[in-house]
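The values are calculated or read from the model by the stated rules, or taken from the named source; none is laboratory data. A quick note: this is a predicted structure, and the numbers were derived from the prediction, not measured. Cβ sites come from the backbone with ideal geometry, for glycine too, and all protein chains shown count toward neighbours. We work out accessible area using only protein heavy atoms, side chains counted, and drop any ligands, DNA or RNA first. Shrake-Rupley method; radii C 1.70, N 1.55, O 1.52, S 1.80 Å.
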Amino acid sequence: MVKQIDMSVNVGGIAMQNPVTVASGTFGYGMEYSQLIDIRHLGAVTVKGVRLQPWPGNKLPRHAEVPGGLVNAIGLQGPGVDRFITDYMPPLQEAGVPVIVNIWGTSEEEYAEVAARLDGVSGVAGVEINVSCPNVKEGGNAFGTDPLLVSSLVRAVRRSTKLPIIPKLAPNVPAIAVFARAAAEAGADALSLINTIPAMVIDVETRRPVLSNIVGGLSGPAIHPVAVKLVWEAAQAVRIPIIAMGGITGPQQALEFMIAGATAVAVGTANFIDPTTALRVIEGIANYCVRHGYSAAREISGTVIVEKSK
Amino acid sequence: MVVYDAIVKRQSQLTAQYYQLILEAPAVAEQARPGQFVHVKVNGLDDAALRRPFSIYNAADGMLAIVYKTVGRGTALLPLLRVGDVLSVIGPLGNGFPEVSADCVPLAIGGGYGVAPLSFLARKSGRRGTLLVGARTENDLLCLDDFEELGWDVMVTTQDGSQGAQGVVTDLLDGWLAKHKDVVPEVFACGPSGMLQAVGERALGAGIKAWLSLDRRMICGVGACLACVQQLRRPDGSEWTGRVCHDGPVFEAREVIW
């Protein structure tokens, strides 16, 4: 008889039944995948980014497959926060799974207003602040690559909502610790990292960029070791929990993130290829606990052993 | 819609670049309707390789058939599949074609291997109709026997004149419409975007319905990622952005904003 593993984690006030969510933009608004997997088994559902108003996103082509990953420039197409609440939240409320809503805007005021409107909405467990989308000209990465702007933005959102707030940090910065600390000191309850890595693909026959947006964000297995390094560095810099993402295709990569210091993980691009990935990761983490004698999944976090060289 | 480990039952080469793949996948086949597609994880590609969407060519008795052309690094690997291999498929996906209206004559219009879902439609419809098919060369003509066996009229055109009249499929459509003013056709079309747009314009001009199966590069196949969006028009004239994978791939010509 295998003893029961306590899989629950608490991510800055968000109680999750297990440490596994899905990455924003890779799981729609949750229900798209509900015929393929039982989304109630996820620790949380993180939905696609919403801003104050509906947003059309970029022209096609919006993606390019590359070895080891995917470059996308969807451009944050979405229904706007009000329609998100009325049209997309009800089935998630019925499913009873905690929902983390990724938010964005082109000004601090917009971010703050979106967060305020989500405050008190049944089922919304937290707000992930997208300060790092490479695919919109304003907002997104414009905030995420300056620690003062991150700090100011997080403060603005902090003032506007009582929900747990989770800035999603950009990977393309010289020192992630600076950004992690800036976000934590500004009142973040947790951190998400990493977002996609800015990237570009060229069609050599036409000599034109493949994406209509010219540049996009790289996701998938190719970015996983980059993400592990950044999660490890951020985990040493702050005490708030980290949701780690970037190239998880199975339990192995999720465990690396947790050992590096993450409290929870998000499955992203792999959802597109194998929609059962998140469920396999949950099972794999539980099995790892059994094999290594842990009674709770949270005991894995931050157990990386780094020998000091003499 | 299910994720299913299908088993390869048979594979045959149709012409130089075209293959038919038959999979045992009862959970998918039982639900499949003409115009729907399956999203296939190609064995032998790396972990990050996306699934590839294929129209369903036939579905019966627990078996699922697709027709594909070797055009890229994914389809290049499919001919290596052997009987008994396991292939992960998600499907059936998308909305598919509607049933042929009782008061209309079915008029199928295919470009290249776009005839594959039309064959499924012809078989399921129980009706006799006409297939107009356009292809680059005679080597790109596929599945025509299916239609002839069902008693359908088949008219062929090729861009190089290697079979049928030299031209494009809309030439056949213009001729057909001019000659059959006494009947009301309902068009079911699948092929490249340029062909679909041209077919749609003629349908609008002639005041007939045309169901167009759009082909777009996809990521998720289930409406989550927003990579295959299409601008569409509602009957009241308002616009919306649909997802070809989830809201389509079949749209009526009046809906599509090219």
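Taking only C-alpha pairs under 8 Å that are 6+ residues apart, what is the relative contact order of segment B:105-255 in percent? In percent, rounded to a whole number, it is 19. Peptide B:63-73 has a mean shielding of 0, counted as Cβ atoms of other protein chains within 10 Å of each residue's Cβ.
The string of couplings for segment A:21-32 from the Karplus curve (6.51, -1.76, 1.60, θ = phi - 60°) is 10, 10, 7, 3, x, 10, 9, x, 10, x, 6, 4 Hz, one whole number per residue in order, with x for Gly and Pro.
Relative to the longest principal axis of the C-alpha atoms of chain B, give the angle of the C-alpha long axis of helix B:169-179, reported between 0 and 90° and rounded to the nearest 10°. The angle comes out at about 40 degrees. Scanning residues 5 or more positions from B:Val105 or on other chains, those with amide H under 5 Å from its amide H are B:Val184, B:Glu186, with H placed 1.01 Å from N in the peptide plane. Per the Cα gyration tensor, segment B:2-93 maps to an equivalent ellipsoid with semi-axes of 18, 15, 12 Å, ordered largest to smallest.
Taking every DSSP helix (H) stretch of at least 4 residues in chain A, weighting each as -39,500 (n - 2.57) and dividing the sum by the residue count yields a mean residue ellipticity at 222 nm of -8500 deg cm²/dmol. Considering only B:Gly114, B:Gly72, A:Gly25, the residue lying farthest towards the positive end of the dipole of the protein assembly as shown is A:Gly25, judged by Cα position with unit charges set on Cβ. Max-minus-min Cα coordinates of segment B:111-175 on each principal axis give 33, 24, 16 Å, with the largest extent listed first.
The protection proxy used here, the mean number of other Cβ atoms lying within 10 Å of each residue, ranks peptides A:56-63, B:235-242, B:98-105 as follows, highest first: A:56-63, B:98-105, B:235-242.
Provide the net charge surrounding A:Pro90, with neighbours chosen by a C-beta distance below 14 Å and charges set as Lys +1, Arg +1, Asp -1, Glu -1.
With Lys, Arg at +1 and Asp, Glu at -1, the net is -2.
With contacts defined as alpha carbon pairs under 8 Å and 6 or more residues apart, what's the relative contact order of segment A:1-71 in percent? After rounding, I find 24 percent. At a Cβ-Cβ separation cutoff of 4.7 angstrom, cysteine residues of chain B with no neighbouring cysteine are B:Cys104, B:Cys143, B:Cys190, B:Cys228, B:Cys245. Across segment B:2-93, C-alpha contacts under 8 Å between residues 6 or more apart give a mean separation that, scaled by the residue count, equals a relative contact order of 42 percent.
All Cα-Cα separations within segment A:203-310 were binned at 10 Å from zero, giving a P(r) of 14, 38, 29, 12, 7, 1, each value a whole percent of the pairs.
Restricting segment A:201-271 to trypsin sites (Lys or Arg not before Pro) that sit in a DSSP loop and have at most 10 other Cβ atoms within 10 Å of their own Cβ leaves A:Arg207, A:Arg239. Estimated from helices alone, the mean residue ellipticity of chain B at 222 nm is -5000 deg cm²/dmol (sum of -39500 (n - 2.57) over DSSP H runs with n ≥ 4, per residue). Between A:His292 and B:Ala178, what is the label-point separation in nm under the 7 Å Cα-to-beta-carbon projection? In this crude spin-label approximation the distance works out to 7.6 nm. Against the compact-protein benchmark of 2.2 N^0.38 Å, the Cα-based radius of gyration of the protein assembly as shown scales to 1.04. For segment A:99-217, the fraction of C-alpha pairs more than 21 angstrom apart is 38%. Within chain A, the ratio Rg/Rh, alpha carbon atoms throughout and Rh by Kirkwood, equals 0.95. Once backbone amide H atoms are built at 1.01 Å from N, A:Val22 has A:Ala44, A:Thr46, A:Val267 as its partners under 5 Å, excluding neighbours fewer than 5 places away on the same chain. Remark: the protein assembly as shown carries 41 Å² of accessible area per residue (probe radius 1.4 Å; ligands, DNA and RNA excluded). Other protein chain C-beta atoms within 10 Å of residue C-beta, averaged over A:221-228: 1.
Output the DSSP H helices from chain A with an along-axis C-alpha extent of no less than 18 Å and a mean Kyte-Doolittle hydropathy no less than -0.5.
Helix filter hits for chain A: A:147-160, A:224-237, A:277-292.
With every protein chain left in place and a probe of 1.4 Å, what is the accessible surface of B:Cys143, to the nearest 10 Å²? That residue has around 20 Å² of solvent-accessible surface.
Computed on protein heavy atoms with a 1.4 Å probe, the accessible areas place A:Glu110, B:Glu148, B:Glu30 in the order B:Glu30, B:Glu148, A:Glu110, largest first. Heavy-atom surface analysis with a 1.4 Å probe gives the protein assembly as shown a carbon and sulfur content of 51 percent of its accessible area. Coupling constants for segment B:47-52 follow from the phi torsions by the Karplus curve (6.51 cos²θ - 1.76 cosθ + 1.60, θ = phi - 60°), and in residue order they are 3, 8, 5, 6, 5, 10 Hz; glycine and proline get x. Each residue of segment B:6-22 was assigned a 3J(HN,Hα) from its phi angle through the Karplus curve 6.51 cos²θ - 1.76 cosθ + 1.60 (θ = phi - 60°); the sequence is 7, 10, 5, 9, 6, 9, 9, 7, 8, 9, 2, 10, 10, 9, 10, 10, 10 Hz, with glycine and proline shown as x. Residues of segment B:221-248 that bury at least 20 Å² of accessible area when the other protein chains are present, relative to the chain alone (probe 1.4 Å, heavy atoms, ligands and nucleic acids excluded): B:Val222, B:Ala224, B:Cys225, B:Leu226, B:Ala227, B:Val229, B:Thr241. Summing +1 for each Lys or Arg and -1 for each Asp or Glu among the other residues whose beta-carbon sits under 13 angstrom from that of A:Val150 gives +1. Averaged over the residues of peptide A:48-57, the number of Cβ atoms from other protein chains lying within 10 Å of each residue's Cβ is 1.
With all protein chains in place and ligands, DNA and RNA left out, the 1.4 Å accessible area ranks A:Ile166, A:Ile282 as A:Ile282, A:Ile166, largest first.
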